[in-house]
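First the structure, in the form of structure tokens, and then the observations on it.
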Amino acid sequence: MVRRSRARRRLRAGRVTPEQARGETPPLRVLLPRGLASLARESGIGAAIRHQESAVRSLGHEVVTNPLRPFDVVHLNTPFPDTLLLARWARLRRRPALVWAHSTEDDFRDSFPGSNALAPLFRRWIAHLYRRGDTVVTPSAYSKELISAPKYGLRAPIRVLSNGVDTGFFHPDPSARERLRSSLRLAADAPVVISVGMQLRRKGILDWVKVARAMPEVTFVWYGRTDPRLLTAEVQRALAGAPANALFPGYVQAEQLREAYCGADAFCFLTTEETEGIVLWEALACEIPALVRGIPLYRDAMPDGVLTHQVTGDGPEFAGQVVQRLRALLDGELADLTAAGRRAAEGVDLDQVAQQLQEIYRLAGVLPANPVTSDA
């Protein structure tokens, strides 16, 4: 009776779900360490960590950030040295470690100065980290295929779990159109095309600037930034020589980013390699028409004309092909895929991701060492 009374009190306090109150899914203490992860705050990995926190809390579990506190399972997300130390700490504590394989050798290339030369060393490093996991979690079937290659040497189970998107936050808002143009000091009818990400060659910024130069009648806005010290020389030249209709507001908060998704006329995402691409899910959730580079991930997961319009290629003619397709999209000559994109985004909503995460905990044998009785 005492145990039931405590469960009912925690249920009323919103600390556990009804299933947990009945003892069906005991609450866990999930360690999501801050540490060096703060360095990735503005990247896709930073967004993925925030999504994991939301998913964990929605399941009624406790988020722990201090590794010296009791925990039942640890999520490790970054390729930084403290990930190795935390994995060893979990092993000493006899707690399972879930390692997220956000990065691959392929998406490390064309990123920072010297990244192509260092890519094989980076792969050996991340493979060493991934092998420390009792379970490896990766955001797409495509990335699972990459890290399943013998050169990664993984033996632990590999689970696919989308990073997800908060479709309750990222949703269509027609009124954002006027606010976006006002904030950019543009005419009410000015066409606006956006992209989001770090300013890296891999993210397609070189081609994006070429497209902007070829379409002076359109305002192009790139949200996101990279420390100038980490920019390659060619990206520095592209940014310095960008046309006047190409704007770079830098990193913005989620509310401002949502305004951009909802207020712009198109999302032009020319990345050359992704393991998933959270920003594309955010754009689709906001029902903005999307034109992307037809990389293997998107060609397989969302063929051209299903959720996005795509241009495949990487040669000197690629930017010109994007210009033609983008003009057709802005002129309404291409099929409207926004409703399909929204439905697909709802399929990877954080609530859906949370339930799949709970199943991964079950498969990994994650159990609470002691009952959770307080919030983080």
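Annotations for the structure displayed:
- Of Ala240, Ala101, Ala301, the one that fluctuates the most in a GNM where the chain has Cα springs shorter than 10 Å: Ala240
- Annotation for the range 179-249: trypsin sites (Lys or Arg not before Pro) lying in DSSP loop with at most 10 further Cβ atoms inside 10 Å of their Cβ are Arg185.
- The GluC sites (Glu not before Pro) found in the range 189-262 that occupy coil by DSSP, while having at most 14 further C-beta atoms within 10 Å, are Glu217.
- Residue of Val99, Val306, Val56 that the Gaussian network model of the chain assigns the largest fluctuation, springs spanning Cα pairs under 10 Å: Val306
- Distance between the range 304-376 and the range 124-145 - C-alpha centres, whole angstrom: 20
- Distance histogram in 5 Å bins (all Cα pairs of the range 318-368, percent per bin): 4, 16, 12, 12, 11, 10, 9, 8, 8, 6, 4, 1
- Evaluated at q = 0.14, 0.18 Å⁻¹, the base-10 log of the normalised Debye intensity for the range 176-346, with identical point scatterers placed on the Cα atoms, takes the values -0.68, -1.20.
- C-alpha long axis of helix 318-330 to longest principal axis of the chain, angle in °: 90
- Counting every other Cβ atom within 10 Å of each residue's Cβ, Glu105, Glu178 order from fewest to most as Glu178, Glu105.
- Neighbourhood charge, 11 Å Cβ-Cβ cut-off, centred on Ala238 and excluding it, Lys, Arg +1 and Asp, Glu -1: +2
- In the range 79-163, the trypsin sites (Lys or Arg not before Pro) that fall in loop regions by DSSP, at most 12 other Cβ within 10 Å: Arg94, Arg155
- Alpha-carbon centroids, the range 229-295 and the range 46-74: separation in whole Å: 29
- Tyr251 long-range amide H proximity, modeled H, under 5 Å: Gly224, Arg225
- For the range 272-288, backbone phi angles converted through the Karplus equation (6.51, -1.76, 1.60; θ = phi - 60°) give residue-by-residue couplings of 9, 6, 8, 8, 7, x, 4, 5, 5, 4, 4, 5, 5, 4, 8, 6, 9 Hz, Gly and Pro being listed as x.
- For the range 209-223, putting each phi into the Karplus relation 6.51 cos²θ - 1.76 cosθ + 1.60 with θ = phi - 60° gives couplings of 5, 4, 5, 4, 5, 7, 10, x, 7, 10, 8, 9, 10, 10, 9 Hz, in residue order, rounded to whole numbers and with x for Gly and Pro.
- Here Lys144 is the anchor, and the aspartates and glutamates within straight C-alpha reach of less than 17 Å, apart from those fewer than 8 places off in the same chain, are Glu105, Asp106, Asp107, Asp134, Glu273, Glu274, Glu276, Asp300.
- Counting all C-alpha pairs of the range 114-218, share separated by more than 20 Å (%): 65
- Neighbourhood charge, 15 Å Cβ-Cβ cut-off, centred on Asp173 and excluding it, Lys, Arg +1 and Asp, Glu -1: -2
- Whole-number percent relative contact order across the range 123-271, with pairs defined as alpha carbons under 8 Å at least 6 apart: 26
Quick note: the coordinates plus some simple rules give every number you see, no bench work behind them. Being a predicted model, the structure only gives us computed values, none of them experimental. All Cβ positions, even for glycine, are placed from backbone atoms using ideal geometry, and neighbour counts span all protein chains on display.
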